[in-house]
Amino acid sequence: MNSDNLEGKWKQVKGQFKQKYGKLTDDDTTYAEGKFDEMVGRMQEKTGKTKEEIRKEIDSM
């Protein structure tokens, strides 16, 4: 999945992630162009998941 597709999908699933992982804030789930890896890193710290696990979870939603 390229970053454009991922950005569009992310808009659809970030609410689901915030519900599932209560520690995530709006700041943690904000996608800025070129900053996806930084956002995933924040999510990785708060959820304990790997970057690949987070990407797969986004793809599966």
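The values are calculated or read from the model by the stated rules, or taken from the named source; none is laboratory data. Remember, it's a predicted structure, so these values are computed and weren't measured experimentally. Keep in mind that these areas ignore ligands, DNA and RNA; they rest on the heavy atoms of the full protein, side chains included. Shrake-Rupley method; radii C 1.70, N 1.55, O 1.52, S 1.80 Å.
Which order do you get for MET39, MET61 if you rank them by accessible area with a 1.4 Å probe, largest at the top?
Numbers: MET39 5, MET61 70 Å².
Final ranking, largest accessible area leading: MET61, MET39.
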Worksheet, complete the sentence: A correct Karplus calculation of ³J(HN,Hα) over the stretch 44-61, with 6.51 cos²θ - 1.76 cosθ + 1.60, θ = phi - 60°, whole Hz and x for Gly and Pro, returns 4, 4, 7, 9, x, 8, 7, 4, 5, 4, 5, 4, 5, 5, 4, 4, 7, 7
Worksheet, complete the sentence: Contour minus Cα-Cα span, LYS46 to LYS20, at 0.36 nm per residue, comes to 8.2 nm
